[in-house]
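Engineer: Input: one structure, supplied below.
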Amino acid sequence: MAKSISCKDAGSDCGWSATADTEDALMDITIEHVKEHHKDLEVGPELKANIKSLMKDA
Ligand SMILES: [Zn+2]
């Protein structure tokens with residue numbers, strides 16, 4: 001099932017959102033975005049768990 005995520009759901013002012021066919025693919029896309037646009041966030045297990053919890057069925 002496709003999954004989607006948006007930065008707004010994480011409480012960010014960022015208008016970015018993405019959809020992918022799998023959780024893993026969406027995780028990769030989201031981490032790339034975080035590295036580019038949210039450099040203050042530390043990419044680690046906590047962030048990944050948070051990303052996962054914010055994913056919705058698309
Ligand atoms: Zn963002």
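Engineer: Please specify each residue of region 1-22 satisfying the condition of being assigned to a loop (DSSP other than H, G, I, E, B) and either of a type in the set (Ser, Thr, Tyr) or in contact (Cβ under 8 Å) with a residue 40 or more places away in the chain (or both).
Structural biologist: Pass one, region 1-22, residues assigned to a loop (DSSP other than H, G, I, E, B): 1-2, 11-16, 21-22.
The answer is Met1, Ala2, Ser12, Thr22.
Engineer: Also: So which of Lys35, Lys56, Lys3 is surrounded by 14 or more Cβ atoms within 10 Å (Cβ to Cβ) and basic (Lys, Arg)?
Structural biologist: Lys3
Engineer: Looking only at residues that are among the small types (Gly, Ala, Ser) and touching a strand residue (DSSP E or B) at 6+ places or on another chain (Cβ under 7 Å) in region 4-28, which one is farthest from the ligand (Cβ to nearest atom)?
Structural biologist: Going through region 4-28, the residues among the small types (Gly, Ala, Ser) turn out to be 4, 6, 10-12, 15, 17-18, 20, 25.
Filter again for touching a strand residue (DSSP E or B) at 6+ places or on another chain (Cβ under 7 Å), leaving 4, 6, 17-18, 20.
Details: Ser4: 14, Ser6: 8, Ser17: 9, Ala18: 10, Ala20: 15 Å.
Looking at residues that are among the small types (Gly, Ala, Ser) and touching a strand residue (DSSP E or B) at 6+ places or on another chain (Cβ under 7 Å), I get Ala20.
Engineer: Evaluate the following for Val34: is it aliphatic (A, V, I, L, M), part of a loop (DSSP other than H, G, I, E, B) and modelled with pLDDT of 95 or more?
Structural biologist: Considered against the rule, which asks whether it is aliphatic (A, V, I, L, M), part of a loop (DSSP other than H, G, I, E, B) and modelled with pLDDT of 95 or more, Val34 comes out as no.
Engineer: Ala25: in a helix (DSSP H, G or I), exposed (fewer than 11 other Cβ atoms within 10 Å of the Cβ) and of a type in the set (A, V, I, L, M, F, W, C), yes or no? Can you show your working first?
Structural biologist: Working: in a helix (DSSP H, G or I): yes; exposed (fewer than 11 other Cβ atoms within 10 Å of the Cβ): no; of a type in the set (A, V, I, L, M, F, W, C): yes.
No, not satisfied.
Engineer: May I ask you to list pairs of residues, at least six apart or on different chains, whose Cβ atoms are under 9 Å apart, with the first in region 40-58 being assigned to a loop (DSSP other than H, G, I, E, B) and the second being modelled with pLDDT under 95?
Structural biologist: Ala58/Met1
The values are calculated or read from the model by the stated rules, or taken from the named source; none is laboratory data. If you're wondering where the values come from, they're calculated on a predicted model, not measured in any experiment. Positions of Cβ are generated from backbone atoms using ideal geometry, with glycine treated the same way; all protein chains shown enter the neighbour counts.
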